[in-house]
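> Here's a structure for you.
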Amino acid sequence: MKRFDAIVMFASLWLLASMVIDVLTPRELTVYAIGAALAPATAISALLYWLGVPRIDFAVCFSALWMVTGMVLELISPVTLSPLAIVVTLLPILVVGTVINFQRWRRSFAPTVRGAKQAN
C-alpha cells in the first residue's frame, strides 16, 4: 500500500508543480516542457521516499534535484527567466544547509552524560 500512496502523492505533486511553474514562467515555456523537466527529479524523489531514506538525506537530495531542475528549466526556456527564478531555485538548498548547520551547532552545546564511554 505504501508504494501506491507514494506514486499517487508524487504524481500529484509533479502535476501541481508543473501547473504552478507554468503560471509563473513566460508563455514560451509550456507546461509540457516543464513537466518533462520535472519528471526525473520527481521520479528520483519518489524512489528515495519509497526506499525510506532518512529525512535529512532526503531533504538534501530533494533540494539538489530541485536546483538541477531549475537549471534545466533555464536551459530549455526560449526566453530568459526572471531573477526570482534563481532565488526560488537556490532557496531549498540554502534552507536545508542552514537547518543542518543549526542542528549541528545546537548539538555542540548539549550536555554529555558523565561516565559514558566516548568513542575515539
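The values are calculated or read from the model by the stated rules, or taken from the named source; none is laboratory data. Being a predicted model, the structure only gives us computed values, none of them experimental. Positions of Cβ are backbone-derived with ideal geometry, glycine not excepted, and every protein chain shown enters the neighbour counts.
> At negative phi, surrounded by fewer than 18 Cβ atoms within 10 Å (Cβ to Cβ) and aliphatic (A, V, I, L, M): is that true of residue 34 in this structure?
For residue 34, the condition - at negative phi, surrounded by fewer than 18 Cβ atoms within 10 Å (Cβ to Cβ) and aliphatic (A, V, I, L, M) - is not met.
> Scan segment 75-99 for residues that are surrounded by 16 or more Cβ atoms within 10 Å (Cβ to Cβ) and either in contact with a helix residue (DSSP H, G or I) (Cβ under 7 Å, 6 or more places away or on another chain) or in a helix (DSSP H, G or I) (or both) and jot them down.
81, 85, 89, 92, 93, 96
> Please find, within segment 59-85, the residue that is nearest to residue 38 (Cα to Cα) out of those that are among the hydrophobic types (A, V, I, L, M, F, W, C) and free of Cβ contacts under 8 Å to residues at least 12 places away in the same chain.
Per the stated criteria, the residue is 75.
> Which one of the conditions (1) buried (at least 18 other Cβ atoms within 10 Å of the Cβ); (2) under 17 Å from residue 67 (Cβ atoms) does residue 39 fail to meet, given that it meets all the rest?
Of the numbered conditions (1) buried (at least 18 other Cβ atoms within 10 Å of the Cβ); (2) under 17 Å from residue 67 (Cβ atoms), the odd one out for residue 39 is (1).
> Can you report the number of residues in segment 91-120 which are hydroxyl-bearing (Ser, Thr, Tyr) and modelled with pLDDT of 90 or more? Can you show your working first?
Applying the first criterion (hydroxyl-bearing (Ser, Thr, Tyr)) to segment 91-120 yields 98, 108, 112.
From what is left, the residues that are modelled with pLDDT of 90 or more are 98.
Final tally of qualifying residues: 1.
> Sticking with this one: Say whether the condition of being of a type in the set (Lys, Arg) and either under 29 Å from residue 100 (Cα atoms) or surrounded by 12 or more Cβ atoms within 10 Å (Cβ to Cβ) (or both) is met by at least one residue in segment 10-28.
The answer is no, given that none of the residues of segment 10-28 is of a type in the set (Lys, Arg) and either under 29 Å from residue 100 (Cα atoms) or surrounded by 12 or more Cβ atoms within 10 Å (Cβ to Cβ) (or both).
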